[in-house]
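**Q** I'd like to ask you about the structure that follows.
The values are calculated or read from the model by the stated rules, or taken from the named source; none is laboratory data. These numbers come from a predicted model, not from an experiment. Glycine also receives a Cβ, built like all others from the backbone with ideal geometry; neighbour counts cover every protein chain displayed. Ligands, DNA and RNA are excluded from the accessible area calculation, which covers all protein heavy atoms including side chains. Shrake-Rupley method; radii C 1.70, N 1.55, O 1.52, S 1.80 Å.
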Amino acid sequence: MVKLFSLLFILLSFSFSNLLPDEKRTIGAYVPDIRLQDHEGKVYSLKDFAQGKVLIVNPIYAKCSSACPVMTEELKKVIRGLKEDVRVLSITFDPWDSLLDIKRFKEIHNLPSNWLVARSDEVDKLLKAIDYKYRYDERLKEFEHPNLYVIITPSGKISRYIYGVSPKLRDLRLAVLEAKKEEVSLNPVEGFLLRCFRYNPETGTYQIDWFFVFDVIGGILTFLVVPLLVWGRSLYALVRGGHA
């Protein structure tokens, strides 16, 4: 029971001002093309796995008994609602995670083919690029780490961070669209959806851009009302002339 409350305290304390990444330094920076090893021992490069798609990176460790499994399940639920083709990388920062550990993690969560659970001898290069910090608690035998997802553009640049263990579908979709537009033109619906929302760095979420929405509504009303007024005046003049 003591350990349970200690773990809960760790999770709550990750309000973690001292572990959160410095977005002013990292956003727009490229991540290194590190080598990844999956549970079968097959080696990929980060670039080859991403295949020119938006990449969602979620640092975890396979033996985690608290936040990492929850984050994985919650992201899996949200991914089902995405229409965009993305790649997901759960990469362990635990040097003691074996191939068997990451294999068990992938199988327990029944992850799809576009989702790689991997380890890497070069993981520190990636963690440094995204400014991901963690600590090991010797007493609890657990890692203290922030809970976040990093959105990487098709060209390999850090585009956005999404914080917490349960990402919202709207936030994730907008972050993916934002990263995707670097390489391709969004269709009109995607472009309009992205334009209607503005990222708020203080809350780490997307919020409706009411100024833009009201501008659009005003434009639509002007487009509709002005012709109606002109048509109404013409009709009134015609009717009045007919009674003269």
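**Q** Those residues that are open to solvent by less than 30 Å² (accessible area, probe 1.4 Å) and under 16 Å from Asp22 (Cα atoms), I need them from the stretch 118-137; list them, please.
**A** If the condition is that a residue be open to solvent by less than 30 Å² (accessible area, probe 1.4 Å) and under 16 Å from Asp22 (Cα atoms), then Leu126, Leu127, Ala129, Ile130, Asp131, Tyr132 are the ones that fit.
**Q** Can I ask one more? Considering Leu12, Leu4, which residue is open to solvent by 40 Å² or more (accessible area, probe 1.4 Å), modelled with pLDDT under 85, within 22 Å of the chain's Cα centre (by Cα) and not hydroxyl-bearing (Ser, Thr, Tyr)?
**A** Selected residue: Leu12, the only one of Leu12, Leu4 that is open to solvent by 40 Å² or more (accessible area, probe 1.4 Å), modelled with pLDDT under 85, within 22 Å of the chain's Cα centre (by Cα) and not hydroxyl-bearing (Ser, Thr, Tyr).
**Q** Now, a different point. Could you pull out the residue among Asp121, Asp131 that is farther than 20 Å from Ser166 by Cα, at pLDDT 95 or above, within 17 Å of the chain's Cα centre (by Cα) and charged (D, E, K, R)?
**A** Asp131
**Q** Among the residues that make up the stretch 141-154, is at least one of them out of contact with any Phe, Trp or Tyr (no Cβ under 7 Å at 6 or more places or on another chain), within 21 Å of Leu46 (Cβ to Cβ) and open to solvent by 50 Å² or more (accessible area, probe 1.4 Å)?
**A** no
**Q** Sticking with this structure for a sec: Please state which of the following conditions Arg160 fails to meet, knowing it meets all the rest: (1) at pLDDT below 90; (2) outside any loop (DSSP other than H, G, I, E, B).
**A** (1) is the only condition that Arg160 fails.
**Q** Going through Ser185, Ser166 one at a time, which residue ends up being under 16 Å from the mean Cα position of the chain (by Cα), open to solvent by 10 Å² or more (accessible area, probe 1.4 Å) and modelled with pLDDT under 90?
**A** Ser166
**Q** Which of (1) over 22 Å from Arg35 (Cβ atoms); (2) within 18 Å of the chain's Cα centre (by Cα) is the odd one out, the single condition Gly156 does not satisfy?
**A** (1)
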